[in-house]
Amino acid sequence: MTSKSIDGAFGFLTRAVHGGNEVDAETGAIRRPITMANSYELPYDPSDINWSSSEGSIYTRNGGANQRYLQEKLALLHGTPSCVVLASGVAALSGVFFTFLKSGDHIVMSDSTYIAAYRLINELLPDKFGVEKTLVDSASLEAVQAAVRPNTRLIHIETPSNPTIKISDIEAIARIAHEAGALLSVDNTFASPYNQRPFELGADLTVESLTKYINGHGDAMGGAVLGEASLIDQIRAQAMVNLGGAISPFNAWLIMRGAITLPLRMRQHNESAQSVAEFLQTLPQVRFVAYPGLAGHRNHEIARRQMPGGYGGVLAFGLNTDHDGHNRFVSKLRLITNAVSLGHDESLIVFLGENDERQYLYEEEFHGGFFRLSVGLEDTADILRDIEQALGAAEI
């Protein structure tokens, strides 16, 4: 419960506005101020202080004021008992893997994931620390079950996944993980807590790249892990304090501000992305469209059940053209920006070519290159017109 007595009984919009906020005691400001200090006053006798503790205020690497306010808001939005905010989404992923995996342990992970997660599990942790891994089609429960070993300690999935928009059944995979004595972590970045809350579906840990939808403005980086306090406190001690993954106070303040409008923005992202996906399906130049809101998506029914808020603002599609044709199309776009990241106010597109190191893991329709499109907050009609004119100008 927050200092304003805002709890999970309030609606999502109310929690987004009031969670973690209170009138500033010193100035009377109705918004939490930015506390940029990196150090705090110590008590009369500090000799018995645990210098690695996150209790109270000692040093901002151990936790700062703005970080705590943001953690409070995010826990309310996700309906979790606890939250730790870190410097980036990758810091959050690394925090989960570093904290709960050791040499000889085994992880099962989605074969369609963010590139940093792929490198952490496919290369860095096995090579440096002897962690065993299996990449699986996590949309197949049979594949997930078959991948579990006696030493499996963690199952990690992305749903919807980056960049192929694969949907995995959180509730069913949670059962598989728990029957094996393993934890389930879910990267929820593409969905946001407005559309999907993995903790409510049985996941132990939820990872969010706050850089994306929760901030929503493309101007701050952060990451979060949410779940039971007994798990989150371990990440806080190991990945934040001792590995130094703390978020800056200014970024925490920016993300806190951005999160207030999350539900309003997600409604528009959901609505526009659905319209764009349906429009792309009608075009002869388009080879395929992957979006969980389409009835033809492989796991549309699972998405409909576990994403009650909507299907998100990211989709993938390919064109009936060659490598250069895909790039020509992007070069002719006037409104949609050619850039990485997602969840910004503006629409962003990135071409993933045949040399993508994860290509061998993708389903056949993704071979030959494809786009990941993050649909922004522009007028939907303008986005559709931009796609149409670019196809014509590129002569596809």
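Within segment 26-49, the set of residues being closer than 18 Å to Gln67 by Cα and either outside the structural domain of Gln71 (by TED's automatic domain parsing) or of a type in the set (Gly, Ala, Ser) (or both) comprises Ala37, Ser39.
Exactly one residue out of Glu123, Glu200 is at pLDDT below 95, within 23 Å of Gly95 (Cβ to Cβ) and not assigned by TED's automatic domain parsing to the domain that holds Val350, and it is Glu123.
Of the residues contained in segment 264-272, one or more are found to be more than 13 Å from Gly312 (Cβ to Cβ) and of a type outside the set (S, T, N, Q).
A quick yes/no check of all residues on (1) part of a helix (DSSP H, G or I); (2) touching a residue at least 60 places away in the same chain (Cβ under 8 Å); (3) of a type outside the set (Val, Ile, Thr):
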residue	(1), (2), (3)
Thr206	no, yes, no
Asn215	no, yes, yes
Leu226	no, yes, yes
Gln234	yes, yes, yes
Gly244	no, yes, yes
Ile247	no, yes, no
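Take the residues in segment 46-102 that are β-branched (Val, Ile, Thr) and under 26 Å from Tyr114 (Cα atoms); name whichever of them is nearest to the chain's Cα centre (by Cα). Out of the qualifying residues, it is Val90.
Residues of segment 185-203 that are part of a loop (DSSP other than H, G, I, E, B) and crowded, with 24+ Cβ neighbours inside 10 Å: Asn188, Thr189, Phe190, Ala191, Gln196, Arg197, Ala203. For segment 143-173, residues that are touching a Gly at 6+ places or on another chain (Cβ under 7 Å) and buried (at least 20 other Cβ atoms within 10 Å of the Cβ) total 2. Selection of segment 43-67 for residues being surrounded by 13 or more Cβ atoms within 10 Å (Cβ to Cβ) and not polar (S, T, N, Q) yields Ile49, Ile58, Tyr59, Arg61, Gly63, Gly64, Ala65.
Inspection of segment 214-224 finds no residue satisfying the criterion of being at pLDDT below 95, crowded, with 21+ Cβ neighbours inside 10 Å and in the same structural domain as Ile107 (by TED's automatic domain parsing). Cβ-Cβ distances below 9 Å connect the following pairs, each with a first residue in segment 129-148 that is free of Cβ contacts under 8 Å to residues at least 24 places away in the same chain and farther than 16 Å from Gly181 by Cβ, a second residue that is surrounded by fewer than 19 Cβ atoms within 10 Å (Cβ to Cβ) and of a type in the set (D, E, K, R), and a separation of six or more residues or different chains: Ala143/Asp137.
The values are calculated or read from the model by the stated rules, or taken from the named source; none is laboratory data. Worth saying up front: this structure is predicted, and the values here are computed from it rather than measured. Ideal geometry is used to build each Cβ from the backbone, glycine not excepted, and the neighbour counts take in all protein chains shown.
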